[in-house]
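Trainee: Below are the structure tokens for one structure; questions will follow.
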């Protein structure tokens, strides 16, 4: 395995009503989901979420948290009929998570595809905003991770891994990597500290909100390594590593590197290929220090006493990956892996020379460059409201208001995925995972599906008194290659189920 | 570098004869800096046109509940 594995990105969007900061975000988020779903002809009674296999309190370290001691915000599996929750034809899930609308991408097998379906989520949110704007003042959505006043909401990555890989190995090798990774994939933020009590600029939206090294929580005492063990797949074979420390990205290159380099590090962990101890001293404090230093010169101290910049630490991981790929694949890299390795070296090289050289590839650099321009031109300091306004408006999903989208339209960023590919991903599922079966069933038989989830589709077929559940516990089954012809020749769900039964019988 | 003989046709009007030849930043570097400056100016102009006019109120109004 290389950069390729089953993966996906889930993003909670910031939400606000212009001029009404007191508007109820849960109700608003429900409206966002409903506005999009109803425009697609999805009724609330159909294609709702199947919670049967969800277990958000199971811990990768091997125990389960009692419901009594869990914070209410950790209980995500109790169905609340007032909360909208739909599955879309591209295989994604659009729903309300706590007080935010969330888009969870379908399962894909490459970082490039993850970027495409993540950007599809931006277009879905944008379409919802467009529809809601028809009744002023409308609702605005922001692909960011903090309000700068003490609240944070997540962009999570998911990576399917082999169950047999010891979790302690993942923890050991991933913590130092995550401490440094933000210099490639941070999205930049005005304000230091969770509530921005100190004026200034930092590399990551999320870093200040991380307080422990390892843990189950996602909404409080956030851990660098999250231990949620909810594989949505055959539990004996797989774990789903749930990564909660990343920022929401707009730059294709930063997003590709976030997913691609992490997947490579995981592949090396699975292959026991990391023979160096890169353990960083005081990782949580160091994570914060790295984020607070846009010069990228802050030194990290390794357990063996070595002192490295975050870029130098990332070079260590890069060189380990390069060596490992050479040994395993003798230079015959698949395109996805070659692409990640090429951008990885290029971005590290730029960050090392002068971080400002990476403004076409890395979100925080692009944002800082614009803000520095304002500071130089207008004599602003970091406490100026205009800089904080730019920080927020940067991530507005609207093409005319969102500053990133304006600058992208002006050709100021490297684009790896074309607009046409993203548009396609709004409606079409990936062809090489079970998301294909899920999405195509939603497209072809919307009225005959009672519910769906990551690992099941539940049919409500006329003439049958009971619902029929098709489990999908193997993420790489249900692909176009395996079920495409079957779906093509099944005009209705009853035919599909009959064919599936005879195929498996 | 131009020799004495070659310097005459290239001499600029504002460069007095007796003054030593100034050592400007390489033309490429100056041009690049000018490009960068005009580039960032056009970025700022673009943003000026769409930035929320009451930044303070806009920032104050962006209040989120925590999430995951």
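Values quoted throughout were computed directly from the atomic coordinates according to the rules given, and no laboratory measurement underlies them. Owing to the predicted nature of the structure, the values given are computational and were not obtained by experimental measurement. As a convention, Cβ positions derive from the backbone with ideal geometry for all residues, glycine included, and neighbour counts pool all protein chains shown.
Trainee: For the pair residue B:50 and residue A:372, what calculated FRET efficiency results from E = 1/(1 + (r/R0)^6), where r is the Cβ-Cβ distance and R0 = 25 Å, to the nearest 0.05?
Mentor: In this case the efficiency is close to 0.85.
Trainee: Counting only other chains, what is the mean number of Cβ atoms within 10 angstrom of the Cβ of each residue in peptide B:40-46?
Mentor: Taking the mean over all residues of the peptide, I get 5.
Trainee: Relative contact order of the stretch A:435-504, please, whole-number percent, based on alpha carbon pairs below 8 angstrom and at least 6 residues apart.
Mentor: 28 percent
Trainee: A follow-up question, please. If one computes the Cα centroid of the stretch A:256-323 and of the stretch A:403-459, what distance in Å separates the two points?
Mentor: Going from one Cα centre to the other spans 32 Å.
Trainee: While we're looking at this one, here's another question. Return one number: the angle in degrees, 0 to 90 and rounded to the nearest 10, between the long axis of the Cα atoms of helix A:167-185 and the longest principal axis of the Cα atoms of chain A.
Mentor: Here the helix axis deviates by roughly 60 degrees.
Trainee: Please work out the FRET efficiency for the pair residue A:212 and residue B:41, using the Cβ-Cβ distance as r and a Förster radius of 51 Å; give the result to the nearest 0.05.
Mentor: According to the calculation, E is roughly 0.70.
Trainee: Here is a further query. Looking at the P(r) of the stretch A:7-424, how many percent of alpha-carbon pairs lie beyond 38 Å? Please report the intermediate quantities before stating the final value.
Mentor: Working: 14376 of 87153 pairs.
I get 16 percent for the Cα pairs in the stretch A:7-424 exceeding 38 Å.
Trainee: I need the peptides A:411-421, A:238-248, A:135-145 ranked by packing, meaning the mean over residues of other C-beta atoms within 10 angstrom, with the highest value on top.
Mentor: Details: A:411-421: 15.0, A:238-248: 23.6, A:135-145: 20.5.
Descending mean neighbour count gives A:238-248, A:135-145, A:411-421.
Trainee: How would you order A:431-441, A:343-353 from highest to lowest mean count of nearby Cβ atoms within 10 Å?
Mentor: Highest to lowest by the protection proxy: A:431-441, A:343-353.
Trainee: How long is the gain from residue A:39 to residue A:221 if the chain were fully straight, where each residue apart is worth 0.36 nm and the alpha carbon distance is subtracted?
Mentor: Values: separation 182, 0.36 × 182 = 65.52 nm, distance 3.85 nm.
Taking 0.36 nm per residue and subtracting the Cα distance, the gain is 61.7 nm.
Trainee: If I model a spin label as a point 7 Å beyond the Cα along the Cα-Cβ vector, how far apart are those points for residue A:503 and residue A:338 in nm?
Mentor: Taking the two extended label points, one gets 3.3 nm.
Trainee: What distance in nm separates the two pseudo spin-label positions at residue A:134 and residue A:234, each 7 Å out from Cα along the beta-carbon direction?
Mentor: 4.7 nm
Trainee: If you don't mind, another one. Between 0 and 90 degrees, rounded to the nearest ten: what's the tilt of helix A:310-329 against the longest Cα principal axis of chain A?
Mentor: Result, in degrees: 50.
Trainee: In addition: Residue separation times 0.36 nm, minus the C-alpha to C-alpha distance between residue A:427 and residue A:169: what's the value?
Mentor: Working it through step by step, the gained length comes to 89.1 nm.
Trainee: Could you tell me how many degrees, from 0 to 90 and to the nearest 10, lie between the Cα long axis of helix A:25-39 and the main elongation axis, the longest principal axis, of the Cα atoms of chain A?
Mentor: Roughly 50 degrees, rounded to the nearest 10.
Trainee: For Cα pairs less than 8 Å apart in space and 6+ apart in sequence, what is the mean separation divided by the residue count of chain A, i.e. the relative contact order in percent?
Mentor: 21 percent
Trainee: Assuming a ≥ b ≥ c are the square roots of the Cα gyration tensor eigenvalues, decide whether the stretch A:313-352 counts as rounded (a/c under 1.5), prolate (otherwise, with a/b larger than b/c) or oblate.
Mentor: Oblate, since a/c reaches 1.5 and b/c is not below a/b.
Trainee: Continuing with this model, one more query. How big is the antiparallel share of DSSP beta bridges in the protein assembly as shown, given as a percent to the nearest 5?
Mentor: Expressed as a percentage, antiparallel bridges in the protein assembly as shown total about 90.
Trainee: As a test of the formula, what do you get for chain A when each DSSP H run with n ≥ 4 contributes -39,500 (n - 2.57) and the sum is divided by the residue count, at 222 nm and rounded to the nearest 500 deg cm²/dmol?
Mentor: Helix-only estimate at 222 nm: -12500 deg cm²/dmol.
Trainee: So what's the stretch A:334-484 giving for Cα Rg divided by 2.2 N^0.38 Å, two decimals?
Mentor: Computed over Cα atoms of the stretch A:334-484, the ratio equals 1.54.
Trainee: In whole percent, what relative contact order does the stretch A:204-281 give with Cα contacts below 8 Å and a gap of six or more residues?
Mentor: Result for the stretch A:204-281 is 19 percent.
Trainee: Shifting gears a bit: Using R₀ = 56 Å, calculate the FRET efficiency as 1/(1 + (r/R₀)^6) where r is the Cβ-Cβ separation of residue A:275 and residue A:52; round to 0.05.
Mentor: Computed FRET efficiency for residue A:275 and residue A:52: 0.85.
Trainee: Just grab the label-to-label distance for residue A:127 and residue A:419, each label 7 Å out from Cα along the Cβ direction, in nm (one decimal).
Mentor: Rounded to a tenth, the inter-label distance reads 1.6 nm.
Trainee: Under 19 Å from a point placed 7 Å out from the Cα of residue A:346 along the Cα-to-Cβ direction: which residues of the stretch A:304-325 have their backbone N that close?
Mentor: Output list for this probe position: A:315, A:318-319, A:322.
Trainee: How would you classify the stretch A:97-160 from its alpha-carbon gyration tensor, with a ≥ b ≥ c the square roots of the eigenvalues: rounded for a/c under 1.5, else prolate if a/b is greater than b/c, otherwise oblate?
Mentor: It is oblate, given that a/c is not under 1.5 and a/b is not larger than b/c.
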